[in-house]
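Read-outs throughout are calculated quantities, based only on the coordinates presented, and are distinct from any laboratory measurement. Because the structure is predicted, anything quoted here is derived from the model rather than measured. Reconstructed Cβ throughout: ideal geometry from the backbone, glycine too, with neighbour counts over all protein chains shown.
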Amino acid sequence: MFRPLPLIVLGAALAAPTVADPLAVEDAWVRALPPTQSVTAGYLVVTNRGDDTVRIVGAAASGAGRAELHESRAEDGAMRMVPVAVLPLAPGESASFEPGGLHLMLKDLERMPAPGETVRLCLITDDGEPSCADAAVRRDAPAAGHHHEH
Ligand SMILES: [Cu+2]
């Protein structure tokens, strides 16, 4: 039997096309360190385009056995990295992972990625859904103010 959806349900579905993945991941890059290093860091900007708070609880990266959410903080005059267990993002809120602050720590690398290569970076929310982007591998951070060149 065909039963038409009530119009109000259809309207809500059209108004919220991003429900499947509310997180937008942009400006992703991974730092190329000397090949003797076994860890490196990934950076990105993530925005919650959904209507509900999203809780980021983990990460993954291609070519890395593990990826962890870290934050660099100055403590007692020294920079330290601390794990971040949960990063909540309110609707409309963005978080910038950048050198000296939040970053993805890529561990157990198969090998150090080289400049010009691409690494797939994913953020994982507490509902288990990954939000991913292709990250350019580079030696240094992009020039300041180039966050949204696309
Ligand atoms: Cu770290």
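Which FRET efficiency value, to the nearest 0.05, do you get for A24 and E117 by plugging their Cβ-Cβ distance into 1/(1 + (r/R0)^6) with R0 = 25 Å?
Values: r = 23 Å, r/R0 = 0.92.
Calculated transfer efficiency: 0.60.
Roughly how many debye, to the nearest 20, is the charge dipole of segment 36-98 about its Cα centre, given +1 on each Lys and Arg Cβ, -1 on each Asp and Glu Cβ, and no other charges?
180 debye
Modelled label-to-label distance, V82 and D108, 7 Å Cα→beta-carbon offset: nm?
2.6 nm
What nm value, rounded to one decimal, do you get for the distance between A74 and D127 when each label is placed 7 Å out toward the C-beta?
Rounded to a tenth, the inter-label distance reads 3.9 nm.
Can you work out the Karplus-derived ³J(HN,Hα) for every residue in segment 101-108? Use 6.51 cos²θ - 1.76 cosθ + 1.60 with θ = phi - 60°, whole Hz, and x for glycine or proline.
So the J values, rounded to whole Hz, are x, 4, 7, 9, 9, 9, 10, 6.
So how far apart, in nm, are the two label points at A141 and T53 if each is 7 Å from Cα heading toward Cβ?
Those two pseudo-labels are separated by 2.8 nm.
Could you tell me what % of all Cα pairs in segment 17-136 have separations over 23 Å?
The answer is 28 percent, as a whole percent.
Neighbouring Cβ atoms within 10 Å as the yardstick, rank V119, V57 fewest first.
Details: V119 24, V57 17.
Going from least to most buried by this count: V57, V119.
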